[in-house]
Each structure stands twice: as C-alpha cells, then as structure tokens.
Amino acid sequence: MNRAYNFSPGPCGLPDAVMERARDEFLSYRGCGASAMEISHRGAAFMEIYRRAESLLRELTGAGDDYAVLFLSGGATGAAASVPLNFLPDETRAAAYAITGYWSKRAATEAKKYCKVCIAADSGENYAELPQQFNVPDDAAYLHYADNETIHGVEFPRPPPSHAPLVADMSSNFLSRPLNISDYGLVYAGAQKNLGPAGITIIIARTPLIRPRPQTPLVWDYALQMQQDSMANTPPTFQIYMVMLVLEWLKEQGGAAEMEKRAAEKSRLVYECIDGGFYRGHAAPSCRSRMNIPFFLPDEKLTEEFLDGAEKNGMLGLNGHAVLGGCRASLYNAMPVAGARILAEYMRDFARRRG
Ligand code: PMP
C-alpha cells in the first residue's frame, strides 16, 4: 500500500517502521496472546511497556530522579490547565506567561481561571517575531512559554531568560533537538506530533516544584500520578505502547541530535523555496520554526490549485490553519528528508509554471 508524505500538523505521520511493528504485534503483543490495547494496565506485560517508555523518555531527555515523568490524558490543553493547579499553592499567587502565538495565548487564558497571570511579553497581533524582553515579576512561580508555535510557525532558538522556573509547551517540537532538561521546571508535549497518536500528553516536572492544590482534579494531580505510575486512573494504554515504539525508533535513529540535523535540512529545503519569491512566509527568519512552516501563494485560486496538485502527487495535509489561512508544511521527526525534498521540488515546479 502506498503511504503519502503526510505534512499534517498533528495528528500526523508516524515512522513507517513504527507502524509496521505495531501492525505485526497488533493481535498478539510479543507472544502474550492479546493486543497491547487489550491487556490490563496493571499486568506484567503492560508494566514492561510503561517502564520501557518511561526509561527511554528519561534517557532521551536527560531527566533524572529529580524529575517526574508522567503520561496523562487531556492533551496539551489539559496540560496547560494542570500546570497552575500543580505549581502554585493557591489562586492568589502569580505566574508569568509569554505570548508568542495562538497556543501560548490560549494557555495564558486558561491559566487565568486558576491563578493570577502576568503577561511577561506579547509579540503582538500577527506573531511573526519573538519578543525582545521578558518581564517576569519577582514573585512569579514560573514563566510559561511555547517553544514552538504550531500555527504561527515561530520557534524559540533558545529558552527565554527567566529567574523563575521555565514551563515549556513543547508539543510541536519535542525531541527535535537536544534538550537541557535542567533549564526547565516543567516540559509538556501532546503526543500527536513527535511522539505518537493523539490521546496522551507527556509531562516532565521537577519534583520539588510539584504542589497540587486540594481542588486539583485527581487525574491531573502530579504528586498522586507520580506515586501511582500515571495510573491513578486507567491510562491510555495503546498510546503509551505507541509512544514506546516511537521512542525506540528515535533512539535507533540517533536521538534528538540526529533529529536536529534532519530538521535543519528539511526546513532549509522548504524555506529556500519560500525565499525564492513566488511564495510568502510568515515568521521572521531569526525565529522561523523548523517544524511548522506557514506559507502563502499570491491568491486563493492558486492556493487551491497548489493543494489539489500536492494531494494528487502524494502530499497530504498542506492546507493552512484557519487562523492564518494559506498553506502550512509540518516537518516533524517522522518526515523523512526525502519528503521535504519532494515538497520543495513540487513548490519550485509550481512557481515556475504559475509564477
Ligand atoms: N500547544 C501546541 C503548541 C499545540 O500545537 C497544540 C495542538 N496543536 C496544543 C497546545 C493543544 O493540544 P491538544 O489539542 O492536544 O489539547
């Protein structure tokens, strides 16, 4: 069966090798007579999957015993709500939020329900640049920011400066480059981009900062979930299994350092076409995302023609998000360099024919 190059922003393509392994083990996980989705989360076979996923995640991120590693439900949206419910003793304490696009803005709006929110920086209406300054109040419990803005295609080349612990939403660029975990109080990532299927969120949190409130929902109580191996409720077992397979693949490929090299090459191929003239990009070159590249054609008719032609040529998911319109190429870890090359060739050819 032909698999298309999938440029969707998430859920998105997973590595072929991972899908083939999941297919081969689908009916009977490693000889146990049942699928990974059919076995008890408390049984030995699933606990082995869980331990392997956790230890790979620790190895690939460098998170030691001073960090909790949790696999929770609720998406990155749930994670954004859970942060103030676990990192602030009550709603009178302040947390700082940097707004650099749609997702970081939404996280700040959500946090306002649970704590005092100070906007440390806001890069403005069209979110094409990163702020120059971050004003983090002395009493802020943390500074939240989105390491990569999936819609606006803006990525921090390095973490923002902050005296308060950093909380990073890395949903759309997790493990696409090496991570110095000690820079962070907390990192979270919805799985459906670089980690596996939708339905699970990874949270890596520095344990001394974890202080759940009495009203924190049990499913998002980091302390409780840490004590119970993310099993205070029934975890999304099949998703954890898929994440384990993706992490095994990632390690075999050479880990985050190799993903960084590939991401540089893939994004260079596409930005080169944008810089060629016919297409227009969005983010300023100093903060362009290596993962999500929004771009625009001169008009809507050409955009439609471009997207139709892409699909006919085996390239899926290139339509832009409603907030920006136009097109967007998402180049997550599973996208091979060959996929970016084919897209770049198609873009160049289309520009030649229609420019
Ligand atoms: N943060 C970022 C950076 C995202 O890209 C997304 C989803 N695209 C979210 C948060 C929200 O994730 P979810 O839909 O899994 O709740």
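The values are calculated or read from the model by the stated rules, or taken from the named source; none is laboratory data. Note that this is a predicted model, so its numbers are computed, not measured. Cβ: placed from backbone, ideal geometry, glycine included. Neighbour counts: every protein chain shown. Each accessible area value is taken on the protein alone, full model and side chains, heavy atoms only, with ligands, DNA and RNA left out. Shrake-Rupley method; radii C 1.70, N 1.55, O 1.52, S 1.80 Å.
Below are the figures for this structure:
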quantity	calculated
Residue match in the stretch 115-127 (condition: touching a His at 6+ places or on another chain (Cβ under 8 Å), open to solvent by 10 Å² or more (accessible area, probe 1.4 Å) and within 16 Å of the ligand (Cβ to nearest atom))	yes
The stretch 162-175, subset in contact (Cβ under 8 Å) with a residue 40 or more places away in the chain and outside any loop (DSSP other than H, G, I, E, B), residue least open to solvent (accessible area, probe 1.4 Å)	167
Filter result for residue 265 (of a type outside the set (Ser, Thr, Tyr), farther than 20 Å from residue 189 by Cβ and surrounded by fewer than 21 Cβ atoms within 10 Å (Cβ to Cβ))	yes
Every residue from the stretch 286-333 that is small (Gly, Ala, Ser), open to solvent by less than 10 Å² (accessible area, probe 1.4 Å) and more than 20 Å from the chain's Cα centre (by Cα)	310
Count of the stretch 268-301 residues which are touching a strand residue (DSSP E or B) at 6+ places or on another chain (Cβ under 7 Å), over 21 Å from residue 123 (Cα atoms) and either among the β-branched types (Val, Ile, Thr) or part of a helix (DSSP H, G or I) (or both)	3
Candidates 178, 212, 197 - the one that is in a loop (DSSP other than H, G, I, E, B), closer than 27 Å to residue 261 by Cβ and away from the ligand (no atom under 16 Å from the Cβ)	178
Selection status of residue 159, without any contact (Cβ under 8 Å) to a residue 12 or more places away in the chain, open to solvent by 10 Å² or more (accessible area, probe 1.4 Å) and in a loop (DSSP other than H, G, I, E, B)	no
Meets criteria (open to solvent by 10 Å² or more (accessible area, probe 1.4 Å), farther than 26 Å from residue 213 by Cβ and either within 16 Å of the ligand (Cβ to nearest atom) or not basic (Lys, Arg) (or both)) for residue 56	no
